[in-house]
Amino acid sequence: MKEFNINSLVRKNILQLQPYVSFRDHNEFENPVFLDANESPFGEFNRYPDSTQKKLKQKLSEIKNISVDQIAIGNGSDELIDLIIKVFCEPKNDSVLVMNPSFAMYGLYASINENQVVKLNLNENFEIEKYDFLNVIKENQLKIFFLCSPNNPTGNSIEDIEFYIKNFNGIVVVDEAYIEFSGKKSSIELLEKYPNLIVLQTFSKAWGMAGARVGVAYSSKEIIKLINTVKSPYNINSLSLNKILEAINIQYNIIENIKNTLKEIFWLENEFQTINCIKKVYPTDANFFLIEFKDSEKVYEKLLEKEILTSKRSPQIPNCIRINVGNREENIQLIQVLKSIES
Ligand SMILES: *Cc1c(COP(=O)(O)O)cnc(C)c1O
């Protein structure tokens, strides 16, 4: 196990805080009369939700084979990214490391919290060069490294993640928003070895529940306690909590979802080969493609004319568009428009 003093990384004011404790959520009752929270006695959603998200954590603990107190629930993993920065980064003084290109939210929340963002440029295959990583951590004082794998918007999984966790003298957040599509092992299994690791997962992608806004952080008990200390007590509403629990309990067919997405990826890869305006399709471990076109601006506009919305990535990634996998009907529409573009 890596030697690490987590407290030396935490903001001083956060270390002194006690988590907000809702009395009713931390005790068992048989037939309670709730006159403690100024709620209405009337209505279907009159009660505050469980601030500890007990039932959901219990379920996830069984599924992931990890202790309940190593799990924090966020209003999407977006909220967890913000909370993690709030726990560790002193406004104005601290910096975070992000891969470039990668998910924009890390930089956005760092900026909102007045923290600097240091960018680690990926190589032409969108991999991290270890030499560059070692250089950047030598030259900068960094609190958090956001490592996204599979990476958005490039689609590839990062090799040898353990190397970065081992060598980074701060918190490493491995964002696994797309892990279910990749067939790769989760870094959750590295938590026992590395007290500086946080793994993020979400119900927004493979689970098909982006509207519910539920993300999960797995880490050490100490870090999870800190995240729970800074979160809003009732950050997950009861409608979302119920929907997510329902989805897990009825064994909502996530496997089927993933299988269908992989089938569509396979179908699309074949179709892409026949399309003139495409220069390169990057390999994907996720539910989207990064595609280089001869003229991405033209393609983007043509798609938009037909109300097909995609994610423009140029000029940051020249001539590239990120396109996610739809259902067959949607994918056929996409291919039809692409086919109509000469070059
Ligand atoms: C989509 C996505 C998320 C998910 O965010 P939620 O707030 O959970 O919806 C997280 N990280 C990455 C890299 C993503 O692409």
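The values are calculated or read from the model by the stated rules, or taken from the named source; none is laboratory data. Because the structure is a prediction, the values reported are computed rather than measured. Quick reminder, even Gly has a Cβ in these numbers, built from the backbone with ideal geometry, and neighbours come from all protein chains shown. Just so you know, the surface numbers come from the protein's heavy atoms only, side chains and all, with ligands and any DNA or RNA stripped out. Shrake-Rupley method; radii C 1.70, N 1.55, O 1.52, S 1.80 Å.
Just for helices (runs of 4 or more DSSP H) wholly inside region 23-130: which have at least 2 residues that are of a type in the set (Ser, Thr, Tyr) and in contact with a Cys (Cβ under 8 Å, 6 or more places away or on another chain)? Before the answer, list the steps.
Working: elements: 54-64, 76-88, 105-112.
Where helices (runs of 4 or more DSSP H) fall fully within region 23-130, none carries at least 2 residues being of a type in the set (Ser, Thr, Tyr) and in contact with a Cys (Cβ under 8 Å, 6 or more places away or on another chain).
Among the residues of region 46-65 satisfying the criterion of being touching a Leu at 6+ places or on another chain (Cβ under 7 Å) and under 21 Å from Ile179 (Cα atoms), which is least open to solvent (accessible area, probe 1.4 Å)? Here the answer is Leu56.
Quick one: count up the residues across region 190-208 that are part of a loop (DSSP other than H, G, I, E, B) and either within 9 Å of the chain's Cα centre (by Cα) or within 9 Å of the ligand (Cβ to nearest atom) (or both).
First, pick out the residues of region 190-208 that are part of a loop (DSSP other than H, G, I, E, B): 191-196, 203-208.
Still in the running and either within 9 Å of the chain's Cα centre (by Cα) or within 9 Å of the ligand (Cβ to nearest atom) (or both): 203-205.
Total satisfying the criteria: 3.
Of all residues in region 16-74, those being of a type in the set (D, E, K, R) and touching a strand residue (DSSP E or B) at 6+ places or on another chain (Cβ under 8 Å) number 2. Close Cβ contacts (under 9 Å, 6 or more residues apart or on different chains) running from residues in region 145-167 that are in a helix (DSSP H, G or I) to residues that are near the ligand (Cβ under 10 Å from one of its atoms) and hydroxyl-bearing (Ser, Thr, Tyr) comprise Ile161/Ser149. Of all the residues in region 115-160, those that are crowded, with 20+ Cβ neighbours inside 10 Å and β-branched (Val, Ile, Thr) number 4.
Within region 69-82, residues that are without any contact (Cβ under 8 Å) to a residue 40 or more places away in the chain sit with their Cβ atoms under 6 Å from residues that are more than 7 Å from the ligand (Cβ to nearest atom) and open to solvent by 10 Å² or more (accessible area, probe 1.4 Å), at 6+ positions apart or across chains, in these pairs: Asp82/Tyr109.
Within region 236-248, not a single residue is out of contact with any Gly (no Cβ under 8 Å at 6 or more places or on another chain), more than 14 Å from the ligand (Cβ to nearest atom) and at positive phi. Scan region 225-253 for residues that are within 20 Å of Lys55 (Cα to Cα) and not in a loop (DSSP other than H, G, I, E, B) and the total you get is 16. When region 81-114 is filtered for residues that are open to solvent by 50 Å² or more (accessible area, probe 1.4 Å) and under 17 Å from Asn152 (Cβ atoms), the ones remaining, listed by number, are Phe103, Ala104, Met105, Leu108. For Val214, the test of being within 12 Å of the chain's Cα centre (by Cα) and either closer than 21 Å to Leu142 by Cα or not assigned by TED's automatic domain parsing to the domain that holds Gln141 (or both) is failed. Just to verify a result, which residue in region 321-337, among those that are in contact (Cβ under 8 Å) with a residue 60 or more places away in the chain and not aliphatic (A, V, I, L, M), is least open to solvent (accessible area, probe 1.4 Å)? Step by step, filter region 321-337, then rank; the result is Asn331.
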